[in-house]
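Asker: Attaching a single structure in structure tokens format; questions to follow.
The values are calculated or read from the model by the stated rules, or taken from the named source; none is laboratory data. Source: prediction; values computed, not measured. Positions of Cβ are backbone-derived with ideal geometry, glycine not excepted, and every protein chain shown enters the neighbour counts.
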Amino acid sequence: MEGLDIKQLSATIRAIADEKNLPEETVLQAVEAAIAAAWRRDNGDRDMNVRAVLNQNDGTAKIIVHYDVVETPEGIGQITLDEAKKIDKDALLNGVIEQEYEATSFGRVAAQTAKQVLMQKLREYERESLAREYDDKVGKLITGTVARVEPRVVRIELGHGEGIMPASEQIPGERLMVGSRVRVLLKIIDRESNRGPTIILSRADPNFVKLLFIQEVPETETGAVEIKAIAREAGRRTKIAVYSGNNEIDPVGTFVGTKGVRVQAVMNEIGDSEKIDIITYDNDSRNYIANALSPAEIDRIDLDEDEKKATVYVAPQQQSVAIGKQGQNVRLASQLTGYSIDIVAEGE
């Protein structure tokens, strides 16, 4: 790229818009930002307040430089009143003036700068356009194709763009293959990223499992059964509390499905290494906590409702079952019920 031909650039705006699936006005803004950057590179300082206005009809560009009129210039973009009046006879102290230049082409280095700025701006606009397209899908399951597996992130092609699944949102131990179709939760759209809006995907979030069950259990749509709470340690164990207001409906059996077909469909998606406990939600906190600590057998429970604390008494041989491996069972039960749970063996 030996130089930057503005006429040629002007003619390609529509082609770029079609290729990037962006409005022409958006591409025009990116091109004008690139022209302004090139002009700064050839003629001024990168901190100067410069904007470009491109005339698509004749392929010319006007450069407009903004100057602050001050008594004693101390920085870039500041000039004295005498200098300002040479540009604009109506200039006033502490005011702002504009000076126009014609831009036709730029040198090799400036052209390279313009190309970098243009590509950066287009990527930002593409990400923002993609983010707007997926705004209404936040918190929902979507399907994509694994595009790239990197050490700390998996990149997933979504159709019109790409989302990323950071290591913290991946199921530990799961290996995704490039080219494979995969279901993910669109967790958030991060608009604070330095690279522009970024779609964050997850397979480790508890809501991923919750939505998988909702897909498998049509009775949730009618309200016959509902998911009251879910707690998860991805790749290891999930506890899900289910409920039905109809005494004739078994909520746990509804979620398990005939011969376990429904819970197995969810496990097929998340992997067999993750155990799923489906327990009955109960309005009585003691019953609910006892259910949440399944498969442990509970003797009695003392509650402190003000502090949301529960002391659970079990037979000595049940203590390790209630606590679980590395404290997992009691930890998930605590997350599920909202109570801090202390397991005590009877007789201690």
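Asker: Any residue in the stretch 336-347 that is touching a residue at least 12 places away in the same chain (Cβ under 8 Å) sitting within a Cβ distance under 8 Å of a residue that is among the acidic types (D, E) and outside any strand (DSSP E or B)? List the pairs, counting only those 6 or more apart or interchain.
Answerer: From residues that are touching a residue at least 12 places away in the same chain (Cβ under 8 Å), the pairs are S340/E307; E346/D299.
Asker: Within the stretch 118-159, restricting attention to residues that are assigned to a strand (DSSP E or B) and β-branched (V, I, T), which residue is nearest to K210 (Cα to Cα)?
Answerer: I142
Asker: Here's something else I'd like to know. Given the condition assigned by TED's automatic domain parsing to the domain that holds A110 and farther than 28 Å from K121 by Cα, answer yes or no: does some residue in the stretch 47-70 qualify?
Answerer: Scanning the stretch 47-70 turns up at least one residue that is assigned by TED's automatic domain parsing to the domain that holds A110 and farther than 28 Å from K121 by Cα.
Asker: Still on this structure, I have one more. Name the helices (runs of 4 or more DSSP H) wholly inside the stretch 1-93 in which the number of residues that are loosely packed, with under 12 Cβ neighbours inside 10 Å and out of contact with any helix residue (DSSP H, G or I) (no Cβ under 7 Å at 6 or more places or on another chain) is 3 or more.
Answerer: Here the list reads 13-20.
Asker: Name the pairs: first residue in the stretch 211-227 and more than 21 Å from N283 (Cβ to Cβ), second residue aromatic (F, W, Y), Cβ to Cβ under 9 Å, at least 6 apart or on different chains?
Answerer: F213/F255; E216/F255; V217/F255
Asker: Being touching a strand residue (DSSP E or B) at 6+ places or on another chain (Cβ under 6 Å), surrounded by fewer than 19 Cβ atoms within 10 Å (Cβ to Cβ) and either farther than 29 Å from E169 by Cβ or touching a residue at least 12 places away in the same chain (Cβ under 8 Å) (or both): is that true of S273 here?
Answerer: no
A quick yes/no check of all residues on (1) surrounded by 13 or more Cβ atoms within 10 Å (Cβ to Cβ); (2) without any contact (Cβ under 8 Å) to a residue 40 or more places away in the chain; (3) under 20 Å from E233 (Cβ atoms); (4) not acidic (D, E):
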position: A167; (1), (2), (3), (4): no, yes, yes, yes
position: G173; (1), (2), (3), (4): no, no, yes, yes
position: L176; (1), (2), (3), (4): yes, yes, yes, yes
position: S180; (1), (2), (3), (4): no, yes, no, yes
position: D190; (1), (2), (3), (4): yes, yes, no, no
position: L201; (1), (2), (3), (4): yes, no, yes, yes
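Asker: Report whether or not E226 is within 31 Å of the chain's Cα centre (by Cα), within 19 Å of N329 (Cα to Cα) and either assigned by TED's automatic domain parsing to the domain that holds G324 or crowded, with 16+ Cβ neighbours inside 10 Å (or both).
Answerer: Against the criterion (within 31 Å of the chain's Cα centre (by Cα), within 19 Å of N329 (Cα to Cα) and either assigned by TED's automatic domain parsing to the domain that holds G324 or crowded, with 16+ Cβ neighbours inside 10 Å (or both)), E226 does not qualify.
Asker: Tell me which residues, restricted to the stretch 121-180, are among the small types (G, A, S) and either farther than 30 Å from A37 by Cα or more than 16 Å from the chain's Cα centre (by Cα) (or both).
Answerer: Across the stretch 121-180, the qualifying residues are G139, G144, A147, G159, A167, S168, G173, G179, S180.
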